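Have a look at the structure below, then the notes.
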Amino acid sequence: MTDLLDKTETVERRISAGGRGAPWLAESRALLTLAAPLVLTQLAQMAIGTTDLILLGRYSQSALAAVAIGNTVYWFAWLLGGGPASAVSPMIAHILGERAGNRGGVRASLRMGLWAVGIVSLVVMPIMWSAKPILLMLHQQPDLADGAGKFVTIVSIGLPFSLSTMVLSGFATALGHPRAGLWVSLATIVFNGLAGWTLIYGHFGAPRLGIVGSGLATAGSAVFGFLAMLAIIHRNPDLRVYRMFRRFGRPVHVKLAEVFRLGLPIGVTTLFEAMLFNAMTLLMGTYGAAALAAHQIAMNAASITFMVPLGIGMASTVRVGLAAGAGDIVAARRAGLVALGMGGLFMATSGVVMALLGAQLAGLYLGNGARDDAAVIALAAVFLRYAAAFQLFDGLQVVGARVLRGLKDARVPMILAGASYWIVGAPVCVFLAVGLNLRGEGIWIGFVICLAVAAFLMCARFLRLTRAGGARTRK
């Protein structure tokens, strides 16, 4: 029996006499216990990216710009690979829900998850090696495309390690040890910062490598994170007992097929959303540097708050998966509703803060007091009001997608995401921004609309699948 199941059952027994609200209270406590370290892990991941931006920004603006456009290629590849990696957690949750302590089933899912990210890496790494010609075809400046190509080619070395760390983190989380990923992320912040500072600027006798140094530091951090995760698993008796490398070279075709069947739609779902926001950033850039700077400020603020419902959603995948695997659809529905309530409540609160303190929040990013800064802050405050309007919807859609993932429902959410972001979102953003000449504000109004549609569709799907007698999970 895993720690997660033991602790949950203990809590439920202790408050079972508390009346009809007791199961909801037990679920809330279990979800919070699992979600808290996952939220902190997501924030730590943001800190790693922020460190890279600060180090490169102080090196040169051209280096920062080159890496920024290079990352559009990198994240395309990473998001595709991240789908199969994300499939491992709900698969293991279902296995443990059906029969606690099923070491063979858990080990097979973990092994095939690692196989899957290795296969995906072999497919997408050539795309990363072609970053320069891809960016030139997209009419990017030749010098920036050249720098981006060098960066992405080097970073590609770390891709399979990064995705494998994601698989291992999902394995640990499903077994009730979400702090494993948190410790690795915190250690990686330090490693990445020191490696980047050393290789970008040439400290401690190292050559001054600039963009190449940043790429080496990023790839090295991915390898470091993978090795650190392996070390934590080896030292933890609850995780070590699964003997993850036993018969590692033996394929389990059913599990491998399930990883791809569940994981590829997950990756495409995430890609639909990410690519919409990337595309609208390019459109925003046509309205000038001030509009783009204000847009980036508002997006960064919204991204920080987004990490909380994202962590809650990741925890809900496990909680819903455990219940669904046990065949308890009432508990699965309760777990999903608790997660949706928590995510929605936090985002509604953050929306109020953004609406009331938009200018003050924007001012934290720009502190030189220049005249141009004042214009950017004023525009960012406007964008943050729209961000405030979609906070609730953003929280509900990200948790909604992940509670569906706990039911092993991935194909339909992929279709819903594609419809929300590209049939509704992209045309509305362009129509409002260009057709009605609302410019940047039109883009942000479009964000509100498409996220509202996504939230409604994801939540409605979950409620329909978990209604009495109507639930289906993908085995």
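The values are calculated or read from the model by the stated rules, or taken from the named source; none is laboratory data. Here the structure is a predicted model, which is why all the values come from computation and not from measurement. So basically every Cβ, Gly included, is an ideal-geometry build from the backbone, and we count neighbours across all protein chains shown.
One line per residue, one yes/no per condition, for (1) touching a residue at least 12 places away in the same chain (Cβ under 8 Å); (2) more than 21 Å from residue 358 (Cα to Cα); (3) outside the structural domain of residue 69 (by TED's automatic domain parsing); (4) small (Gly, Ala, Ser):
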position	(1), (2), (3), (4)
256	yes, yes, yes, no
260	yes, yes, yes, no
270	yes, yes, yes, no
273	yes, yes, yes, no
278	yes, yes, yes, no
281	yes, no, yes, no
284	yes, no, yes, no
292	no, no, yes, no
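The single condition among (1) in contact with a Cys (Cβ under 9 Å, 6 or more places away or on another chain); (2) touching a residue at least 40 places away in the same chain (Cβ under 8 Å); (3) surrounded by fewer than 24 Cβ atoms within 10 Å (Cβ to Cβ) that residue 449 does not satisfy is (2).
Between 292, 310, 337, 322, the distinction of being under 15 Å from the mean Cα position of the chain (by Cα) and either surrounded by fewer than 23 Cβ atoms within 10 Å (Cβ to Cβ) or in a helix (DSSP H, G or I) (or both) belongs to 310 only.
Take residue 236 and decide whether it is of a type outside the set (Asp, Glu), at pLDDT below 85, surrounded by fewer than 19 Cβ atoms within 10 Å (Cβ to Cβ) and within 26 Å of the chain's Cα centre (by Cα). So residue 236 fails the test. Residue 287 fulfils the conditions (1) surrounded by fewer than 18 Cβ atoms within 10 Å (Cβ to Cβ); (2) assigned to a helix (DSSP H, G or I); (3) not charged (D, E, K, R) except for a single criterion, (2).
All conditions in (1) at pLDDT 80 or above; (2) of a type in the set (A, V, I, L, M); (3) surrounded by fewer than 19 Cβ atoms within 10 Å (Cβ to Cβ) hold for residue 266, with the sole exception of (3).
So which of 424, 403 ends up being buried (at least 24 other Cβ atoms within 10 Å of the Cβ) and assigned by TED's automatic domain parsing to the domain that holds residue 386? Break it down into steps so the answer makes sense when it comes.
Numbers: 424 fails: buried (at least 24 other Cβ atoms within 10 Å of the Cβ).
Result: 403 is the single residue among 424, 403 that is buried (at least 24 other Cβ atoms within 10 Å of the Cβ) and assigned by TED's automatic domain parsing to the domain that holds residue 386.
Residues are listed down the side, and each one gets a yes or a no for (1) touching a residue at least 12 places away in the same chain (Cβ under 8 Å); (2) within 27 Å of residue 287 (Cβ to Cβ); (3) acidic (Asp, Glu); (4) outside the structural domain of residue 272 (by TED's automatic domain parsing):
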{"position": "327", "(1), (2), (3), (4)": "yes, no, no, no"}
{"position": "335", "(1), (2), (3), (4)": "yes, no, no, no"}
{"position": "374", "(1), (2), (3), (4)": "no, yes, no, no"}
{"position": "378", "(1), (2), (3), (4)": "yes, yes, no, no"}
{"position": "388", "(1), (2), (3), (4)": "yes, yes, no, no"}
{"position": "395", "(1), (2), (3), (4)": "yes, no, no, no"}
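So for the stretch 305-315 (the condition being in contact (Cβ under 8 Å) with a residue 12 or more places away in the chain and closer than 19 Å to residue 109 by Cβ), does at least one residue qualify? Within the stretch 305-315, one or more residues are in contact (Cβ under 8 Å) with a residue 12 or more places away in the chain and closer than 19 Å to residue 109 by Cβ.
No other residue among 305, 317 is in the same structural domain as residue 450 (by TED's automatic domain parsing) and within 30 Å of residue 439 (Cβ to Cβ) apart from 305.
Quick grid of which residues meet (1) closer than 30 Å to residue 418 by Cα; (2) not in a helix (DSSP H, G or I):
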residue	(1), (2)
223	no, no
226	no, no
233	no, no
247	no, yes
259	yes, no
266	yes, no
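Taking residues in the stretch 407-421 that are more than 21 Å from residue 91 (Cβ to Cβ), and partners anywhere that are among the acidic types (Asp, Glu), the pairs with Cβ atoms closer than 6 Å and at least 6 places apart or on different chains are 421/273. The one condition from (1) at pLDDT below 85; (2) in contact with a Lys or Arg (Cβ under 8 Å, 6 or more places away or on another chain); (3) crowded, with 19+ Cβ neighbours inside 10 Å that residue 112 does not meet is (1).
Looking at residue 255, is it in a helix (DSSP H, G or I) and modelled with pLDDT under 90? Considered against the rule, which asks whether it is in a helix (DSSP H, G or I) and modelled with pLDDT under 90, residue 255 comes out as yes. It is to be established whether one or more residues within the stretch 38-58 are over 30 Å from residue 292 (Cβ atoms) and modelled with pLDDT of 85 or more. Among the residues of the stretch 38-58, at least one is over 30 Å from residue 292 (Cβ atoms) and modelled with pLDDT of 85 or more, which makes the answer yes.
Checked against (1) at positive phi; (2) buried (at least 21 other Cβ atoms within 10 Å of the Cβ), residue 439 passes all but a single condition, namely (2). Is the stretch 68-78 home to any residue that is among the small types (Gly, Ala, Ser), farther than 26 Å from residue 192 by Cα and either assigned by TED's automatic domain parsing to the domain that holds residue 137 or part of a helix (DSSP H, G or I) (or both)? No; the residues of the stretch 68-78 include none that is among the small types (Gly, Ala, Ser), farther than 26 Å from residue 192 by Cα and either assigned by TED's automatic domain parsing to the domain that holds residue 137 or part of a helix (DSSP H, G or I) (or both).
May I ask you to verify whether residue 127 is farther than 27 Å from residue 242 by Cα, surrounded by fewer than 18 Cβ atoms within 10 Å (Cβ to Cβ), touching a residue at least 40 places away in the same chain (Cβ under 8 Å) and not acidic (Asp, Glu)?
When the stated conditions are applied, residue 127 passes them.
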